[in-house]
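Beneath this line is the structure, given in structure tokens, with notes to follow.
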Amino acid sequence: MKMRNPPVNSLSLEFLTELLISLEKLESDKAFHAIILTSDCPGIFSAGLDLMEMCGRDPTHYAEYWKAVQELWLRFYLSHLVVISAINGVNAAGGCLLALSCDYRVLADNPKYAMGLNETLLGIIAPFWFKDTLVNTVGHRTAERALQLGLLFPPAEALQVGMVDKVVPEDQVLSAARSELAQWLAIPGHARQLTKSLMRKPTADRLLKERDADIQNFVRFISRDAIQKALRVYLEKLKQKKT
Ligand SMILES: CCCCC/C=C\C/C=C\C/C=C/C(=O)SCCNC(=O)CCNC(=O)[C@H](O)C(C)(C)COP(=O)(O)OP(=O)(O)OC[C@H]1O[C@@H](n2cnc3c(N)ncnc32)[C@H](O)[C@@H]1OP(=O)(O)O
């Protein structure tokens with residue numbers, strides 16, 4: 001699955017919906033057993049959630065958007081397919097969440113390709129299920145420091161803290177993902193799928209039990225004047241980079 005939403009693969013409502021439909025199609029086709037998730041945007045895996053969806057819109061839109069973000073995470077996190085990410089670019093916040101929801105992560109060895117949950121740098125907070133997904137991957141202490149400081153880890157550090165499983169030269173990222181896949185596909189499917197569910201269901205259940213409350217919290221939080229201002233300032237900084 002090659003993500004293509006130029007220029008930065010931001011996860012707009014339309015793009016989230018496309019990803020969700022693609023994933024559902026692959027999951028319902030018995031011929032498919034695995035997905036390699038990668039990017040078609042040079043140097044960028046994903047810039048994360050689309051800030052334009054969270055800025056200057058009305059509460060109904062925020063609620064619809066957040067429901068789609070929840071849906072995509074639940075679908076990826078609990079997918080019965082083997083999902084491996086071949087991370088071929090910088091990967092922030094919501095994009096990093098997608099990669100963390102995969103079963104295995106290969107990252108291209110380029111110092112520009114940092115990844116992490118950098119929400120605090122925007123003046124916002126990683127929701128509890130983003131946090132839980134990170135904790136499940138790197139452990140509590142590393143996650144706490146990474147989340148508070150909004151750290152984006154370059155490849156060597158991402159590997160060292162366990163945020164990715166392998167770092168390879170940039171031209172080998174897809175072949176390394178394919179080689180890894182062979183090992184996962186050699187395991188009897190039902191046993192691997194049930195084990196994945198055993199490991200992940202408690203984390204997913206937390207959101208499933210609180211979905212509506214989580215949407216309401218998001219809408220309340222994102223609608224605050226101070227948060228809207230912080231997001232506008234961040235977007236402005238991104239644009240000013242060019243001048
Ligand atoms: C108590 C209850 C709590 C409930 C929870 C509440 C809130 C939490 C909510 C949400 C969690 C948020 C998750 C997120 O994912 S937020 C997004 C975080 N992403 C980032 O910080 C990355 C920002 N982007 C960059 O750093 C760079 O763009 C890049 C990815 C490194 C690429 O750099 P490059 O130089 O190649 O490109 P540009 O910077 O020039 O960007 C091109 C173009 O794209 C626009 N853009 C970039 N990122 C985004 C984005 N995430 N959304 C929308 N648009 C984006 C950028 O502004 C440029 O636009 P232009 O019009 O100038 O061409």
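Computed from the coordinates by the stated procedures, all read-outs in this text should not be read as laboratory data. In this text the structure is predicted, and so the values were computed from the model without any measurement. Cβ atoms come from the backbone with ideal geometry, glycine included; neighbour counts cover every protein chain shown.
Which far-off residues, 5 or more places away or on another chain, put their amide H under 5 Å from the one on L11, with H placed in the peptide plane?
For L11, the qualifying residues are G48, L49, D50.
Applying the Karplus parametrisation 6.51 cos²θ - 1.76 cosθ + 1.60 with θ = phi - 60° to the phi angles of the range 102-114, what ³J(HN,Hα) value in whole Hz is obtained for each residue in order, glycine and proline being reported as x?
7, 7, 7, 10, 10, 10, 6, 7, 9, x, 6, 8, 7
Between the DSSP loop rule and a limit of at most 16 other Cβ atoms within 10 Å, which trypsin sites (Lys or Arg not before Pro) in the range 135-232 are left?
Details: sites: R141, R145, K166, R178, R192, K196, R200, R206, K209, R211, R220, R224, K229, R232; in loops: R224.
Filter output for the range 135-232: R224.
Tell me which residues come under 5 Å, amide H to amide H, from A34 once H is placed; ignore anything under 5 positions away on its chain.
Those lying under 5 Å, H to H, from A34 are V82.
Spelling out what I want: for every residue of the range 119-127, take phi, set θ = phi - 60°, compute 6.51 cos²θ - 1.76 cosθ + 1.60 (Karplus), and round to whole Hz; glycine and proline get x.
3, 4, 5, 8, x, 10, 10, 5, x
Once amide H atoms are placed 1.01 Å from N in the peptide plane, what residues at a sequence separation of 5 or more from V167, or on another chain, have their amide H within under 5 Å of its amide H?
Amide H neighbours of V167, under 5 Å, 5+ apart: L107.
Taking every DSSP beta bridge that has both residues in the range 1-148, what percent is antiparallel when rounded to the nearest 5?
5
Just add up the charged neighbours of A108: K/R +1, D/E -1, any other residue whose Cβ is under 12 Å from the Cβ of A108. Don't skip to the end; give the middle numbers.
Working: positive: R105, K112, K166; negative: D109, E170, D171.
Residues near A108 contribute 0 overall.
Of all trypsin sites (Lys or Arg not before Pro) in the range 69-127, which ones are in loop regions per DSSP and have a Cβ with at most 16 other Cβ atoms within 10 Å? Intermediate results must be reported in sequence, preceding the final value.
Working: sites: R75, R105, K112; in loops: K112.
Listed in order of number, the matching sites are K112.
Taking θ = phi - 60°, what integer Hz values does the Karplus form 6.51 cos²θ - 1.76 cosθ + 1.60 yield along the range 185-197, in sequence order, with x for Gly and Pro?
7, 7, 7, x, x, 5, 5, 5, 5, 5, 5, 4, 5
Could you tell me how far the Cα centroid of the range 42-89 sits from the Cα centroid of the range 198-243, in Å?
Each part reduced to its Cα centre gives a spacing of 11 Å.
Kindly identify the range 73-232 as rounded, prolate or oblate by the Cα gyration tensor criterion: order the square roots of the eigenvalues as a ≥ b ≥ c, call it rounded if a/c is under 1.5, otherwise compare a/b with b/c, prolate if a/b is larger, else oblate. Before the final figure, lay out the partial values.
Details: a/c = 2.29, a/b = 1.28, b/c = 1.79.
It is oblate, given that a/c is not under 1.5 and a/b is not larger than b/c.
When Lys and Arg each count +1 and Asp and Glu each count -1, what net charge do the other residues less than 10 Å away from S39, Cβ to Cβ, add up to? Write out the running numbers ahead of the final one.
Values: positive: K2, R4; negative: D40.
Residues close to S39 contribute a combined charge of +1.
Assign one of three labels to the range 5-73, namely rounded, prolate or oblate, based on the Cα gyration tensor with a ≥ b ≥ c the square roots of its eigenvalues; rounded applies when a/c is under 1.5, prolate when it is not and a/b is larger than b/c, and oblate otherwise.
On the way: a/c = 3.34, a/b = 1.41, b/c = 2.37.
It is oblate, given that a/c is not under 1.5 and a/b is not larger than b/c.
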